[in-house]
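Written below as structure tokens is the structure these notes are about.
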Amino acid sequence: MKLGSHWRIRLLLASAAATALVAGDASAQQFACPKKGGEIVFAQEAKVNSLDQHTSSTISTRNVAMNMFESLMTRDENFNPMPELAASVEESKDGMTYVFKLRDGIKFHNGKPMTTADVVATFDRYKKVGIDRGILDVVESWEAKDASTFILHMKVAQPTFLENFSSFSIPIVIVPAENAKAEPMQLATVGTGPFQFVEFVADSHVKMKRYDGYNADTRYKEIDGFGGYKQACVDSVNFRIVTEPGARVAGLETGELHGAEDVPTKSQERLKQNKDIVLKPLKNFWIQIATPNVSIPPTDNLKFRQAVQAAMDMDEVMEAATDGAYQLNIGFQYPGQNFYTEAGKETYNQKNAAKAKTLLAESGYKGEEMILLTNRDYTNMYNAALVMSEQLKAVGINAKLLVIDWPASVQMQQNTNTGWNWFFTGYGTNTALGGVAALRFHAPPFNTYKPKTPEDADKEFIAAFRAIENGKTLDERKAAFAKAQARVLDQVLALPFGSLTKVQAVRANVQNFKPFRIPRMSNVYFSG
């Protein structure tokens, strides 16, 4: 693992019987809010379906909830694993045991001290309902040795376990034991983070305020990814749902909004001339993608899916989706990432109408209706679906759009196998987290992959995915990732269109706002 600037990892190998991961001292001066007070109003483009971090995979949930919840481990600024609520984690030499020591003095937003009883209850809930619970399949059991010592016992050693464990895609955020029996999507919003929940009005806003009982992590100087030294400088944050891009821009210009995500490309040149607004671009924010429902016709037919794939012109799709702020991207990682590969590139951006028509004939397609499930909250998803629909009609496919709001589309995709054939989304967080996370949604227990039964899942892909998780060396894991990506593309289990650049923006008096995958409100303050 790479060493961070604010903390260090000590690998106690050699003659030692264990490997330990601990944070280092932060002897230099820590961040202090130059000014406190005020409310940040930040415009979010998509509606929030739930604040239950264990059971929602959407970025609209993470945008808000990551400012209120914390985990034993998280990722730093460069997406390397780092401790958060854990003071340390020690891995046994054989990789079969992990011992976590909790940081002292952590309290939940309800004032109750956090102990390992809460950690145990949290893991019990996550194993039962967590969308990404598959990361715990290699864990035999967990226990609280005492109030501050939490132990995981493994079924098998997994070289990538801490990488999986620290994922913030659907993080194992620690919640009070008394809340841990909540049904999916019903978890009370009580965490340990710098901000605490105030109000959630569906389709309108989520408001949170500074948690005065927050115990900042003094091992660090500054915020580092989702961890580090965090302080709530402002009194409150109001995540306002503003799905219309023009309204987000207008709100920034008038000062009604202090920040916004996804500033449209066409407005950026004008905003650059405005001294009161600062643009914060994030290249490779996510991979625009559509995933098929392989449980129902006609998308249960491989020849049909390959016909769809052959017909696609990805430049057209991405141009419409992003107003030109895109890069073509073959698979599930970006160039420069460890796991980037062009495996399966022959399937990408074919623009081959003749081949598509031949495959359609071979599939036995008789003009059945095919539904593209999308939403208007994310304009890029809607536009991608619209262009894809037209391209498919051109080769003879009876494509129709089903447009509902983002939370409803996610619910439909996750909970039903009927009424839709393609679901439009973006892989952002998982792509950033590396090889294992990038393809996790296609592996058991599945999120975006919809086999008729678990037994019908593609065995060749699952074998390759397990090889990514269990490869002893990075080279072994990279080779397995290439196989897995090639298999997904060959079987058309997803259609990655390309990667897009997202531009966040803040008013000039909003200080220390650093663009990241999630808008972080800690250590942000108003000047003047």
task = Please enumerate the residues belonging to the stretch 185-240 that are of a type in the set (G, A, S) and either more than 13 Å from V64 (Cβ to Cβ) or open to solvent by 10 Å² or more (accessible area, probe 1.4 Å) (or both).
result = A188, A202, S204, G213, A216, G225, G227, G228, A232, S236
query = Being assigned to a helix (DSSP H, G or I), open to solvent by less than 40 Å² (accessible area, probe 1.4 Å) and either in contact (Cβ under 8 Å) with a residue 40 or more places away in the chain or touching a helix residue (DSSP H, G or I) at 6+ places or on another chain (Cβ under 6 Å) (or both), is that true of even one residue in the stretch 97-111?
reply = no
inquiry  = Quick check on this structure: which one of Q158, Q186 is touching a helix residue (DSSP H, G or I) at 6+ places or on another chain (Cβ under 8 Å) and either of a type in the set (G, A, S) or outside any helix (DSSP H, G or I) (or both)?
reply    = Q158
query = Under 6 Å by Cβ, and 6 or more places apart or on different chains, what pairs join a residue from the stretch 404-431 that is crowded, with 16+ Cβ neighbours inside 10 Å with one that is at pLDDT 90 or above and hydroxyl-bearing (S, T, Y)?
reply = N421/T299; F423/T291; F424/T374
ask   = Counting only residues that are touching a residue at least 60 places away in the same chain (Cβ under 8 Å) and open to solvent by 10 Å² or more (accessible area, probe 1.4 Å), which one in the stretch 474-486 is farthest from V139 (Cα to Cα)?
value = A486
Every pair of residues 6+ apart whose Cβ atoms lie under 9 Å, when the first sits in the stretch 340-358 and is touching a residue at least 60 places away in the same chain (Cβ under 8 Å) while the second is of a type in the set (S, T, N, Q) = T341/Q333; T341/Q485; A343/Q485; G344/Q485; T347/Q306; T347/Q309; Y348/Q309; Y348/N329
inquiry  = Restricting to the stretch 344-374, count the residues that are under 14 Å from V488 (Cβ atoms) and crowded, with 19+ Cβ neighbours inside 10 Å.
reply    = 3
query = Which one of these does E253 not meet: (1) open to solvent by 20 Å² or more (accessible area, probe 1.4 Å); (2) within 21 Å of the chain's Cα centre (by Cα); (3) farther than 13 Å from N67 by Cα?
reply = (2)
key: Elements of type helices (runs of 4 or more DSSP H) in the stretch 414-528, at least 3 residues being modelled with pLDDT under 95 and more than 30 Å from R210 (Cα to Cα)   = 435-438, 459-470, 474-490
note = Going through (1) surrounded by fewer than 22 Cβ atoms within 10 Å (Cβ to Cβ); (2) in contact (Cβ under 8 Å) with a residue 40 or more places away in the chain one by one, L495 fails only at (1)
task = Take the stretch 169-178 and flag every residue that is over 21 Å from the mean Cα position of the chain (by Cα) and either open to solvent by less than 10 Å² (accessible area, probe 1.4 Å) or under 20 Å from R103 (Cβ atoms) (or both).
result = P176, A177
ask   = Which of the residues spanning the stretch 289-327 are charged (D, E, K, R) and closer than 15 Å to N417 by Cα?
value = D300
inquiry  = When you scan the stretch 389-401, do you find a residue that is closer than 20 Å to P297 by Cα, in a loop (DSSP other than H, G, I, E, B) and among the hydrophobic types (A, V, I, L, M, F, W, C), even just one?
reply    = yes
inquiry  = If I ask for residues that are free of Cβ contacts under 8 Å to residues at least 24 places away in the same chain and open to solvent by less than 10 Å² (accessible area, probe 1.4 Å), which ones from the stretch 129-168 would you list?
reply    = L136, V139
task = Quick one: in the stretch 256-291, of everything that is acidic (D, E) and outside any helix (DSSP H, G or I), which residue is most open to solvent (accessible area, probe 1.4 Å)?
result = E256
ask   = Here are some conditions: (1) surrounded by 19 or more Cβ atoms within 10 Å (Cβ to Cβ); (2) touching an Asp or Glu at 6+ places or on another chain (Cβ under 9 Å); (3) farther than 25 Å from Y449 by Cα; (4) in contact (Cβ under 8 Å) with a residue 60 or more places away in the chain. Y126 meets all but one. Which one does it not meet?
value = (3)
inquiry  = Considering only residues that are closer than 14 Å to S148 by Cα and not basic (K, R), which ones fall in the stretch 103-120?
reply    = D104, G105, I106, P113, M114, T115, T116, A117, D118, V119, V120
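The values are calculated or read from the model by the stated rules, or taken from the named source; none is laboratory data. None of these values were measured; they are calculated from a predicted model. No Cβ is skipped: glycine too gets one built from the backbone with ideal geometry, and neighbour counts run over all protein chains shown. All accessible areas refer to the heavy atoms of the entire protein, side chains included, with ligands and DNA or RNA removed. Shrake-Rupley method; radii C 1.70, N 1.55, O 1.52, S 1.80 Å.
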